[in-house]
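Some notes on the structure that comes next.
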Amino acid sequence: MKYANSILDLVGNTPLVRLNSVTEGIAATVLAKIEYLNPGGSSKDRIATRIIDDAEAKGLLKPGGTIVEPTSGNTGVGLALVAQQRGYHCVFVLPDKVGEDKRNVLTAYGAEIVVTPTAVAPDSPESYYSVSDRLAREIPGAFKPNQYANPNGPLSHYETTGPEVWRDTEGRVTHFVAGVGTGGTISGAGRYLKEISNGGVHIIGADPEGSVYSGGTGRPYLVEGVGEDFWPEAYDPSVVDEIIASSDAESFDMTRRLAREEGLLVGGSSGMAVASALKAARLLSADDVMVILLPDGGRGYLGKIFNDKWMRSYGFASVTEEKTVGDIVR
Ligand code: PMP
């Protein structure tokens with residue numbers, strides 16, 4: 001019989017698929033690594049397992065303990081998956097701007113959520129950072145993973161994502177591209193690929209325009225999960241050879257094209273990574289092999305990127321014109 005002993009055994013080993021349409025005119029082989037095929041739906045499943053393994057080994061998390069983290073999305077799902085398999089409680093603190101669907105995903109996996117107001121300063125006692133710190137202090141047996149500073153985030157990508165890319169390309173990868181949020185993916189996978197290739201793999205960080213990694217101040221942009229307004233400890237700038245930024249408009253346009261042309265229903269940070277990567281891919285030759293990591297799926301963004309009304313309300317042009325029956329039945 002072929003089966004996994006637990007859903008956690010299915011984390012990682014995500015496939016590579018060649019991009020064929022959005023890459024028109026590009027000579028290099030451009031491959032996408034499909035992280036939405038992880039059981040929790042994103043690359044964050046990888047970091048959750050390693051962060052919790054390490055906390056258990058260090059005695060920071062004991063049977064029946066509680067995981068407290070400010071997270072509204074993928075990291076929460078990853079942590080909740082591991083927590084339920086191992087009998088921990090989860091309390092996630094999220095700002096009230098996070099939509100109901102994302103809240104419901106977390107509670108569906110058995111997590112408790114605490115909602116905090118968005119319209120307060122980060123150092124206010126009501127902010128999502130302050131509330132999570134307070135809960136971590138006050139709840140007995142609480143453990144706060146702190147994905148922005150926890151070295152197990154980048155380590156999980158060093159141990160899994162990087163080796164998978166090397167193995168599946170049979171060592172032919174020449175360029176690796178990932179969006180930068182906490183920086184864990186690019187720092188960990190990038191470091192592995194640099195080491196194993198003796199510096200032969202060029203590492204490109206993709207960033208939303210306005211974020212600190214591409215020289216901005218953290219000015220608001222709409223792409224979720226990437227870009228920062230501070231420099232997290234999980235990010236190792238020495239690994240990254242180049243940062244390429246893309247605008248929200250470029251990112252969302254590419255996100256929609258990936259669904260329509262490549263059959264890849266992915267999130268906005270995936271569109272951002274591909275839009276940025278293709279700017280570099282245009283300069284490459286037929287011998288080059290570029291791997292772009294696509295962090296999550298598109299179902300969490302149906303009301304935004306894939307909703308014409310939402311797109312129009314922000315002035316994005318890439319919308320499908322609504323048709324009436326008369327337009328279609330001609
Ligand atoms: N895209 C999405 C949707 C994410 O949730 C994250 C994680 N914040 C990233 C990209 C970036 O990954 P990392 O934190 O490893 O830099």
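See the values below:
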read-out: Alpha carbon centroid spacing (whole Å) that separates segment 210-230 from segment 156-186; value: 22 Å
read-out: Mean Cα-pair separation over length for the chain, i.e. relative contact order, pairs under 8 Å, 6 or more apart, %; value: 18 percent
read-out: 14 Å Cα-Cα reach of residue 97 towards aspartates and glutamates, excluding residues that sit fewer than 8 places from it in its own chain; value: 224
read-out: Sorted peptide list for 227-240, 59-72, 116-129, criterion being average Cβ within 10 angstrom, highest first; value: 59-72, 227-240, 116-129
read-out: Per-residue HN-Hα couplings for segment 295-302 [Karplus 6.51, -1.76, 1.60; θ = phi - 60°; Hz; x = Gly/Pro]; value: x, 8, x, x, 5, x, 10, 4
read-out: Over segment 78-138, relative contact order from alpha-carbon pairs under 8 Å, at least 6 apart, %; value: 30 percent
read-out: Förster-model FRET efficiency, 22 Å R0, residue 126 and residue 97, C-beta, rounded to 0.05; value: 0.95
read-out: Cross-link pairs 58/144; 194/279; 44/144 - those with Cα-Cα distance over 19 Å; value: 194/279
read-out: Largest-first principal axis extents, alpha carbons of the chain, Å; value: 60, 55, 51
read-out: Value of relative contact order over segment 209-330, rounded to a whole percent, pairs C-alpha under 8 Å and six or more apart; value: 19 percent
read-out: Test item: Cα-centred dipole of segment 204-330, Lys/Arg +1 and Asp/Glu -1 on Cβ, debye; value: 700 debye
read-out: Positive-end residue of 264, 246, 276, charge dipole of segment 233-277 with Cβ unit charges; value: 264
read-out: Among 189, 83, 259, residue whose mean-square fluctuation peaks in a GNM of the chain (springs only between Cα atoms under 10 Å); value: 259
read-out: Label-zone membership for segment 204-244, site residue 57, 7 angstrom Cα→C-beta point, backbone N under 19 Å; value: 234
read-out: For the chain, calculated [θ]222 nm from helices alone, where every DSSP H run of n ≥ 4 adds -39500 (n - 2.57); value: -10000 deg cm²/dmol
read-out: Antiparallel %, DSSP beta bridges [both residues in the chain], to 5; value: 15 percent
read-out: Segment 242-274 versus segment 60-80: alpha-carbon centroid distance in Å; value: 29 Å
read-out: Label-to-label distance, nm, for residues given as residue 196 and residue 222 (7 Å Cα→Cβ offset); value: 3.8 nm
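Rule-based calculations on the coordinates, nothing more; no lab input. All of these numbers come straight from a predicted model, not from anything done at the bench. A quick note on method: Cβ atoms are made from the backbone with ideal geometry, for glycine too, and the neighbour counts reach across all protein chains shown.
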